[in-house]
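A.B. asks: Sharing a structure, written as structure tokens. Questions coming.
The values are calculated or read from the model by the stated rules, or taken from the named source; none is laboratory data. As the structure is a computational prediction, the values presented were derived from the model and not from experiment. Note that each Cβ is placed from the backbone with ideal geometry, even for glycine, and that neighbours are counted across all protein chains shown. Only protein heavy atoms, including side chains, enter the accessible area calculation; ligands, DNA and RNA are left aside. Shrake-Rupley method; radii C 1.70, N 1.55, O 1.52, S 1.80 Å.
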Amino acid sequence: MQLKPFLLDEWLDAKEHGIEFNLAASTGPSWTLNEILSLGNDEERERFLNQKVVYGRPAGADGLRTAIAEMYGVDADAVQVVTGASEALLILMWLAAEPGANVILPQPGFTTFSALPQSLRLETRHYALRKEDDFRFDVEEIKKLADRNTKLILLNSPHNPTGSTISNAQLDSLHEFTSIRGIQLVSDEVYHPIFHGQATSSAACLPHTTVIHDFSKAFPLSGIRTGWMIEHDHKRRKEYWNARAYFSITNNTAGEFLAELAMRHRDVVLGRTQKAASDNLQHLGRFMAEHQETIGWIPPRGGMTVFPWLVSGEDSHAFCEAAAKRGILLAPGDCFDAPSHFRLGFAAIADKLPEALDRLGEFVRTWSSTHALSA
């Protein structure tokens, strides 16, 4: 079992600590522990400080599961708490790993989507989100990739890194297709419900889907390392519980407490993320219009990331390396198997984005003039 190098995390770990403007970050604006605790009352803060540091429950704390269930309008029994969406993906791919099986994944996509099944000797089939088609989901292409050995189809909407979203009609069509064929339909919704235009429903409203989400993107509390799965199938829930008992046993109880507090005050937490994303997208749009001769882009329909490209068609790695030396961190496209692109996150640094874009604009002008002279 071999895991391929995690290029994105290698890049971030090497460069994001101490960088002035982190535009490689894919989250919403960060929270302090004090800010999260201030969402609660005096009794809740006292309870947090005096809780025992012990094992929790493998399915997750009852209060947290109830709060998550309320957001979706499902029964708390449908909620399995995990250590971030990453553990959810590990569980799903581990359970899908049967001889001859395949899984269908988005390309480009988060590295974990493909690295995990490939390490487990699962065949990976990819459907493309193409810039020529505005990064739109092609449901018919996804369906054509499926056969009798397909164990699961993975959606990611809003999509990382492009910001594309799947429509309700497309989701319904895939749900019907997979239900008839006994294929598991998994919806990664870590950026839900951050939208820029037409919002789409969570797949949790459909009876034969599995939803994964966490407190790292739309809920930008990545340090508590908490996520969840919504599963309507009782047999699958038992399999998740069993796998989770082997992999991580439980979450840490302090993290679950903070997660529950954030979930019960989700209007505040999500509202802060949506405002930062919406405000900054306007700034980003003006920036991209000003530099359209050098950088191409497709405005996102959801989430907090975009996936621009160099109009020259060249590999973006040198561009991103040079930008980092100017104090601006971007994520190069080779981290997503799309070398001419780069990922730019526009919500994490909140009200500092205009200053960051001014700096990036100065760099782009220098880069453009230098490359024009060398052409």
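A.B. asks: Does anyone have the angle between helix 168-181 and the longest principal axis of the chain? Alpha-carbon axes, 0 to 90°, nearest 10?
C.D. replies: It works out to around 50 degrees.
A.B. asks: May I pose another question? Using the crude model of +1 on Lys and Arg Cβ and -1 on Asp and Glu Cβ, and no other charge, please compute the dipole size for region 189-259 relative to its Cα centre, in debye to 20.
C.D. replies: So the dipole magnitude of region 189-259 works out to roughly 140 debye.
A.B. asks: Now, a different point. Quick check for me: using +1 on Lys/Arg Cβ and -1 on Asp/Glu Cβ, what's the dipole size of the chain about its Cα centre, in debye to the nearest 20? Intermediate values should be presented prior to the final figure.
C.D. replies: Numbers: 36 positive and 47 negative charges, 108 e Å.
Result for the chain is approximately 520 debye, rounded to the nearest 20.
A.B. asks: Select from His126, Phe48, Leu8 the residue farthest towards the positive end of the dipole of region 1-138; place +1 on Cβ of Lys and Arg, -1 on Cβ of Asp and Glu, and compute about the Cα centre.
C.D. replies: With unit charges placed on the Cβ atoms, the residue in question is His126.
A.B. asks: Karplus couplings for region 290-301 from phi (6.51 cos²θ - 1.76 cosθ + 1.60, θ = phi - 60°), rounded to Hz, Gly and Pro as x?
C.D. replies: 5, 10, 5, 6, 10, 10, x, 7, 10, x, x, 9
A.B. asks: Beyond 22 Å between alpha-carbons counts as too far, so tell me which of Lys325/Lys352; Lys275/Lys352; Lys143/Lys235; Lys217/Lys275; Lys52/Lys238; Lys15/Lys217 fall in that bin.
C.D. replies: Lys143/Lys235; Lys52/Lys238
A.B. asks: Which of Gly100, Gly303, Gly28 moves the most in a Gaussian network model of the chain with Cα springs under 10 Å?
C.D. replies: Looking only at Gly100, Gly303, Gly28, the biggest GNM fluctuation is shown by Gly100.
A.B. asks: What is the helix-to-structure angle for 84-96, meaning the angle in degrees between its Cα long axis and the longest Cα principal axis of the chain, kept from 0 to 90 and rounded to the nearest 10?
C.D. replies: Once rounded, the angle reads 70 degrees.
A.B. asks: Could you give me D for region 298-375, from Stokes-Einstein at 20 °C and 1.002 mPa s, where the hydrodynamic radius is the Kirkwood radius over C-alpha pairs? Units µm² s⁻¹, please.
C.D. replies: In µm²/s, the coefficient rounds to 163.
A.B. asks: For region 45-163, what D do you get in µm² per second when you plug the Kirkwood radius from alpha-carbon pairs into Stokes-Einstein at 20 °C and 1.002 mPa s?
C.D. replies: In µm²/s, the coefficient is 127.
A.B. asks: Express the C-alpha Rg of region 85-134 as a ratio against the empirical globular expectation 2.2 N^0.38 Å, rounded to two decimals.
C.D. replies: Numbers: Rg = 11.7 Å, N = 50, 2.2 N^0.38 = 9.7 Å.
Compactness ratio reported: 1.20.
A.B. asks: Can you list the aspartates and glutamates whose alpha carbon is less than 14 Å from that of Lys4, not counting same-chain residues fewer than 8 positions off?
C.D. replies: Leaving aside aspartates and glutamates fewer than 8 places away in the same chain, those within reach of Lys4 are Asp334, Asp337.
A.B. asks: What Kirkwood hydrodynamic radius do you get for the chain when you take the inverse of the mean 1/r over all pairs of distinct Cα atoms, in Å?
C.D. replies: Taking the inverse mean of 1/r over all distinct Cα pairs, the chain comes out at 21.4 Å.
A.B. asks: Rg/Rh for region 183-311: what does it come to with C-alpha atoms and Rh from Kirkwood?
C.D. replies: Numbers: Rg = 17.9 Å, Rh = 17.0 Å.
Here the Rg-to-Rh quotient is 1.06.
A.B. asks: Suppose accessible area is computed on protein heavy atoms with a 1.4 Å probe; arrange His232, His175 from highest to lowest.
C.D. replies: His232, His175
A.B. asks: Continuing with this model, one more query. Could you order peptides 65-78, 248-261 by the average number of other Cβ atoms within 10 Å of their residues, highest first?
C.D. replies: 248-261, 65-78
A.B. asks: Just to be sure I understand: with springs between alpha-carbon atoms less than 10 Å apart, which residue in Arg125, Arg45, Arg264 has the highest mean-square fluctuation in the Gaussian network model of the chain?
C.D. replies: Largest GNM mean-square fluctuation: Arg45.
A.B. asks: What's the center-to-center distance, using Cα atoms, between region 220-247 and region 81-109 in Å?
C.D. replies: 12 Å
A.B. asks: As I understand it, the dipole of region 252-375 uses +1 on the Cβ of Lys and Arg and -1 on the Cβ of Asp and Glu, about the Cα centre. Which of Ala262, Ser316, Gly296 lies farthest toward its positive end?
C.D. replies: Ala262
A.B. asks: How large is the charge dipole for region 28-176, taken about the Cα centre, if only the Cβ atoms of Lys, Arg (+1) and Asp, Glu (-1) carry charge, to the nearest 20 debye? Show your work: numbers first, answer last.
C.D. replies: Values: 14 positive and 21 negative charges, 115 e Å.
Its charge dipole is roughly 560 debye.
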